[in-house]
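The values are calculated or read from the model by the stated rules, or taken from the named source; none is laboratory data. If you're wondering where the values come from, they're calculated on a predicted model, not measured in any experiment. So basically every Cβ, Gly included, is an ideal-geometry build from the backbone, and we count neighbours across all protein chains shown. These area figures cover heavy atoms from the full protein model, side chains too; ligands, DNA and RNA do not enter into them. Shrake-Rupley method; radii C 1.70, N 1.55, O 1.52, S 1.80 Å.
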Amino acid sequence: MIAQIRHDWSLADLRAIHDLPLMDLVYRAATVHRQNHDPSEMQVSKLISIKTGACPEDCSYCAQSSRYTTGVAPERLMETGRVLEIATRAKEAGVSRVCLGAAWREVKDNAQFDRVLEMVRGVTDMGLEVCCTLGMLNEQQAQRLEEAGLYAYNHNVDSSAEFYETIITTRTYADRLKTLETVRKTNITMCSGGIIGLGETVEDRLKMVQTLSQVRPHPESVPINILSRVDGTPLAKNADVPVWEVIRMIATVRMVMPKSDVRLTAGRVQLDDTAQALCFMAGANSIFSSETEFMLTRAVPSPSYDKDRELLAALGLHQREPFKNGRPQDKVPPLA
Ligand code: SAM
Ligand code: SF4
């Protein structure tokens, strides 16, 4: 059956899907999307960089690594009040999820983490879903986030295990998977995906999809970032990703993880409205939007709330309500 939930996809299976004639691929992915989701609905999230720059990790794409001179000025952990102000405006704009990102290697048990827990409680109390992306964390820290009401934890695998080593040397792919396992032991939902345009092959992309599809249950949310080239990083001069490759990737992820939200994330500004519409047709049902015209930092641009509202209206799409799929703490039956 076309929309069966599977964890045993072979690379040959994935290649056969990915390489279908593009129109067939989009048609099939759109069919799976419609069987599993309300096709008129778009999840719109707002990213807030709660702690910016000076990150000890060496991720070759990232504006926030202390190893590269990128023009991103480091900032201390944001005050909770400021986070709540941004979240209030996001709610007014119809956003249903706020994602709090910190340029940390890992969570530490200190006053800063206590403040992040306060932010999670505050934004959740406003009736919004909260996602955190804070780097590696242990079981006790995951439990504290769960108790604070955290909806989702983002931790991307970024690429295939082999290619990952050429992009990041300060942690291993196994570290990444261990954090995902830790999150899976709680009721917090999982958000994990990767980036295309790092210089990887299609095989690397498909290995990444295979890795994500082996997670039980599948990650509830799978972000597909298009590399946003940042001056000063080792990947600043990488080639553009052809739009057809973006659409192929979105459609493949949609078919392999039918119930998951597929997020068209960084690099969306590189796509014109028509290309975005094709990505939505192929199964992308989640985007980041912003009052400022950037995502986490000025180095990574984002479409604005106003521009996105216009685009969604033109396409006949509406913004998804928060908690449409229940609260993880209500122990909603997980994806298979
Ligand atoms: N420090 C945390 C971590 O690495 O897990 C969270 C912050 S980081 C912003 C989260 C993700 O954003 C990365 O895993 C990567 O997939 C994506 N990302 C960061 N910079 C990017 C860029 N320039 N282009 C595309 N995606 C990017
Ligand atoms: Fe640090 Fe995350 Fe950027 Fe890597 S992606 S350098 S861990 S902020």
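The table that follows gives values for the structure above.
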| quantity | calculated |
| --- | --- |
| Residue check for I224: within 11 Å of ligand 1 (Cβ to nearest atom) and under 16 Å from the mean Cα position of the chain (by Cα) | yes |
| Test for V32: is it more than 11 Å from ligand 1 (Cβ to nearest atom), aliphatic (A, V, I, L, M), within 30 Å of M255 (Cα to Cα) and over 21 Å from the mean Cα position of the chain (by Cα) | no |
| Test: residue in the range 79-97 that is hydrophobic (A, V, I, L, M, F, W, C), within 16 Å of ligand 1 (Cβ to nearest atom), more than 21 Å from I195 (Cβ to Cβ) and not in a helix (DSSP H, G or I) | no |
| First in the range 150-177 and within 30 Å of M126 (Cα to Cα) and near ligand 1 (Cβ under 9 Å from one of its atoms), second anywhere and open to solvent by less than 20 Å² (accessible area, probe 1.4 Å) and in a loop (DSSP other than H, G, I, E, B), Cβ under 6 Å, 6 or more apart | H155/S192; N156/S192; N156/G193 |
| Qualifying residues in the range 68-83 (those that are modelled with pLDDT under 90 and more than 23 Å from the chain's Cα centre (by Cα)) - the one farthest from P234 (Cα to Cα) | A73 |
| Considering residues of the range 47-64 that are hydroxyl-bearing (S, T, Y) and within 9 Å of ligand 1 (Cβ to nearest atom) only, the residue modelled with the lowest pLDDT | S49 |
| Which numbered condition L100 misses (of (1) farther than 17 Å from Q43 by Cα; (2) of a type outside the set (K, R); (3) within 16 Å of ligand 2 (Cβ to nearest atom)) | (1) |
| Yes/no for R115 being surrounded by fewer than 19 Cβ atoms within 10 Å (Cβ to Cβ) and away from ligand 1 (no atom under 16 Å from the Cβ) | yes |
| Residue list for the range 142-166, restricted to those being within 16 Å of ligand 2 (Cβ to nearest atom) and open to solvent by less than 10 Å² (accessible area, probe 1.4 Å) | Y153, H155, V157, D158, S159, Y164 |
| Tabulated pairs, the range 90-102, first under 18 Å from D261 (Cα atoms) and open to solvent by 10 Å² or more (accessible area, probe 1.4 Å), second within 16 Å of ligand 2 (Cβ to nearest atom) and of a type in the set (V, I, T), C-beta under 8 angstrom, 6+ apart or interchain | none |
| Residue in the range 37-58 that is over 23 Å from T172 (Cα atoms) and open to solvent by 40 Å² or more (accessible area, probe 1.4 Å) present | yes |
